[in-house]
Amino acid sequence: MATQYVTCPRCSTQNSALNSRCLNCGTAMPVSPMPMQHMPQQVKLPGADKKIAAGICGILLGGFGVHKFVLGYQNEGIILLSAYLIGLVITMITCGVGVFIPVAVGIVGLVEGIIYLTKSDEEFVQTYIVNKKPWF
Ligand SMILES: [Zn+2]
């Protein structure tokens, strides 16, 4: 078991938790060690690191659904990718008339990517990691 230390409330000397009084100033020590100070602002929210990756993938590769896969949304990613590829086929069959389909799919990804990037880390994690909001 590692030696625990207690910080003296008066002079801030580190004392062994076994001491009942501060070795430096003699102040009575708290019975239990002071809990570690938590600094929530500095702790990265789990999932927040996906925000930038998902946002950029949505903007650049939106039609391929890459940003959905980044977020772990397999079904939505497959839907986007399928719609994009089917749209490309329709575009070829119709000699370009159907081009609005892959373009629209790409715009969906673009808009979603922008939405991801405009959210705060907290909002992003709450919306897409906790609540698993599938679209937008
Ligand atoms: Zn002291």
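A few points about this structure:
- Number of the condition not met by residue 116 [criteria: (1) crowded, with 18+ Cβ neighbours inside 10 Å; (2) at pLDDT below 95]: (2)
- Total residues in region 83-105, condition surrounded by fewer than 17 Cβ atoms within 10 Å (Cβ to Cβ) and farther than 15 Å from residue 61 by Cβ: 12
- Inter-residue pairs, beta-carbon under 7 Å, first within 16 Å of residue 47 (Cβ to Cβ) and in region 58-77, second hydroxyl-bearing (Ser, Thr, Tyr) and modelled with pLDDT of 95 or more, 6+ apart: 58/116; 71/128
The values are calculated or read from the model by the stated rules, or taken from the named source; none is laboratory data. Quick caveat: nothing in here was measured; it's all calculated off a predicted structure. Neighbour counts run over all protein chains shown; Cβ positions are idealised from the backbone, glycine included.
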